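One structure is given here, and the rest of the page talks about it.
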Amino acid sequence: MGKYFGTDGFRGEANVVLTVEHAFKVGRFLGWYFGQDHKAKVVIGKDTRRSSYMFEDALSAGLTASGADVYLLHVTTTPSVSYVVRTEDFDCGIMISASHNVFYDNGIKVINSKGHKMEAEVEAKIEAYIDGEIGEIPYATRENIGRTVDYSAGRNRYIGHLIAMATRSFKEKRVGLDCSNGSASTIAKSVFDALGAKTYVINSEPDGTNINRNCGSTHIEQLQAYVKENGLDVGFAYDGDADRCLAIDENGNLVDGDLILYVCGKYLKEQGRLNGDTIVTTIMSNLGLYKACDKVGLKYEKTAVGDKYVYENMLQNNFSLGGEQSGHIIFSKYATTGDGILTSLLLMEVMLEKKQSLSKLTEDVTIYPQLLKNVRVADKKTARENPEVKKAIEKVTEELGDNGRILVRESGTEPVIRVMVEAETDELCAKYVKQVIDVICAEGLIVID
């Protein structure tokens with residue numbers, strides 16, 4: 001990770017960590033970088049945060065000042081930007097969003113011409129320009145100054161792409177959508193309506209400050225209650241920029257990313273459409289997923305946490321399905337990034353083709369109780385490599401055997417050690433997490449706020 005760009009773009013509190021000056025400079029550099037031998041074309045999308053409009057203007061000013069033409073998708077999803085970039089003649093795309101974060105955070109995600117996250121070496125050059133390590137770049141003048149273009153047609157083409165993917169009508173299906181007061185508000189309902197579903201929508205009235213507030217994929221309990229109260233067949237919850245999807249079955253039970261991977265992976269394998277009969281997961285996926293996969297001959301890979309690493313593994317090995325417990329699910333045949341609305345459509349396909357409810361499709365997976373606690377430490381590496389901490393982890397591993405696991409890892413963004421235990425009961429999870437944290441504390445590694 002760089003100084004500003006992490007695994008999911010340049011993110012932080014608006015005008016505190018990520019400022020309009022930063023956005024202007026990102027635009028200035030990208031407009032010049034991609035426009036050295038032709039007139040650059042860049043497409044921009046944004047979520048519903050109040051600051052997204054400010055950053056859209058700053059990025060547009062920087063890009064056009066460097067000579068690039070800017071195409072504005074307005075409020076849209078991250079996957080739609082990725083789709084437009086890779087299917088049309090754009091040099092790169094930019095999504096303004098902090099995904100599932102609170103409204104006062106924001107982020108700049110840069111997407112390359114193939115619809116993937118921008119290469120690290122380009123992000124490093126942007127950072128060098130922001131910090132003044134690269135000489136000043138020229139302003140465009142006269143007819144070379146760029147222009148901005150209303151490009152809502154690009155978003156509409158993405159909506160058409162989603163609708164065209166469905167293999168069956170959703171008629172008679174009662175579907176709940178939690179749009180998180182975010183990007184899905186402009187797209188999700190129109191897609192499900194067009195496919196014939198009886199669509200029930202909550203949290204689809206963004207006001208600039210209510211994105212992700214007690215709603216969406218990070219606060220799933222609201223949709224769980226809504227599905228049960230209204231007797232719906234299924235519910236789907238998205239995050240702020242709609243690159244995640246979590247589902248709710250007809251009984252109000254959560255179907256997280258692990259269960260989505262199982263349901264879709266098993267179905268695609270039966271159809272002969274799962275490359276290598278393999279799904280790609282992260283090390284945070286539940287042990288219950290792996291045990292269920294073993295029973296049906298579904299192979300799996302494990303990567304570091306982050307959809308970036310999942311997609312890298314998929315690319316390297318030509319796998320067709322991968323994702324995270326959080327609901328970032330990637331279907332490489334259709335997309336180069338997690339796409340929440342696409343995920344919900346493909347889950348609907350499985351339900352309709354198999355003629356089974358979501359609860360029936362997930363009944364063979366026993367999800368192990370899981371407990372994750374974050375411990376703030378003075379130095380992550382020192383804490384992780386402490387001999388006594390290592391002994392404590394080894395002891396827990398031995399005691400759990402095949403009936404659970406412990407994972408202790410460093411946070412990629414904070415001075416934090418994450419201690420996660422999966423076991424057969426909540427009590428065992430709590431016992432073993434406490435056992436390791438007590439050792440970290442006894443070794444004097446914890447920082448007291």
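Summary table below
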read-out	value
Charge dipole (debye, nearest 20) of the range 61-121; +1 at Cβ of Lys and Arg, -1 at Cβ of Asp and Glu	200
Cβ charges +1 (Lys, Arg) and -1 (Asp, Glu), total dipole of the chain, debye	800
Amide hydrogen neighbours beyond the local backbone of GLY327, cut-off 5 Å, H modeled	GLY257
Gap separating the Cα centres of the range 393-408 and the range 308-330, nearest whole Å	26
Under 14 Å from the Cα of LYS266 - aspartates and glutamates, other chains or at least 8 residues apart	ASP258, ASP277, ASP294, GLU349, GLU353, GLU363, ASP364
Label point distance in nm, TYR334-VAL102, each placed 7 Å from Cα along Cα→Cβ	3.5
The range 1-69 versus the range 338-377: alpha-carbon centroid distance in Å	34
Cα lying deepest toward the dipole's positive end in the chain, options GLY276, GLY135, ASN15, charges on Cβ	GLY276
Unit charges at the beta carbon, dipole of the chain: most positive-side option, GLY444, ILE260, TYR4	ILE260
Mean residue ellipticity (222 nm) of the chain, computed from DSSP H runs ≥ 4 via -39,500 (n - 2.57), nearest 500	-12000 deg cm²/dmol
Whole-Hz couplings from phi, Karplus 6.51/-1.76/1.60, listed for the range 357-365; x for Gly and Pro	6, 5, 5, 5, 5, 9, 5, 7, 9
Taking LEU63, LEU30, LEU274 and counting other C-beta atoms within 10 Å, the order from fewest to most	LEU274, LEU30, LEU63
Listed residue (TYR83, GLY93, LEU63) projecting farthest to the positive dipole end of the range 5-152, Cβ model	TYR83
Distance (nanometres) between label positions extended 7 Å along Cα→Cβ at LEU407 and THR7	1.0
Structure-derived Kirkwood radius over Cα pairs in Å: which label, when the choices are [x] 24.2; [y] 22.9; [z] 22.1	[y]
Within the chain, longest stretch free of exposed GluC sites (Glu not before Pro) [DSSP loop, at most 10 other beta carbons within 10 Å]	173-449
Over the range 166-362, volume per residue of the alpha carbon convex hull, in Å³	107
Relative contact order (percent, whole number), the range 370-442, Cα cutoff 8 Å, 6+ residue spacing	41
Sites LYS391 and VAL296, calculated FRET efficiency, Cβ-Cβ separation with R0 51 Å, nearest 0.05	0.85
Beta bridges by DSSP in the range 31-134, antiparallel share as percent, to the nearest 5	35
Most to least packed among 278-287, 153-162 [average Cβ atoms within 10 Å]	278-287, 153-162
Relative exposure of PHE236, PHE103, PHE331, judged by other C-beta atoms within 10 Å (fewest first)	PHE331, PHE103, PHE236
Cα gyration tensor, the range 370-442 - rounded (a/c under 1.5), prolate or oblate	prolate
20 Å cut-off, amide nitrogen to a point 7 angstrom out along GLU121 Cα→Cβ, residues in the range 84-103	91-93
DSSP bridge pairs, the chain: antiparallel proportion in percent, nearest 5	55
Check: the range 5-152 dipole with +1 on Lys, Arg Cβ and -1 on Asp, Glu Cβ, in debye	300
Near-label residues of the range 249-263 by backbone N, under 19 Å of a point 7 Å along Cα→Cβ of LEU352	249-250, 263
Neighbour-count ranking [beta-carbon atoms within 10 angstrom, fewest first] of ARG11, ARG273, ARG213	ARG273, ARG213, ARG11
Under 5 Å, built H, 5+ apart or other chain: amide partners of LYS302	THR281
Extension gain, ASN230 back to SER190 (0.36 nm per residue minus Cα-Cα distance, nm)	12.4 nm
Across LYS302/LYS395; LYS125/LYS391; LYS360/LYS390; LYS39/LYS302; LYS3/LYS41, pairs whose alpha-carbon gap is larger than 32 Å	LYS125/LYS391; LYS360/LYS390; LYS39/LYS302
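All of the numbers you see were taken from the coordinates with simple rules; none came from a lab. Model, not experiment: these values are computed from the prediction. As a convention, Cβ positions derive from the backbone with ideal geometry for all residues, glycine included, and neighbour counts pool all protein chains shown.
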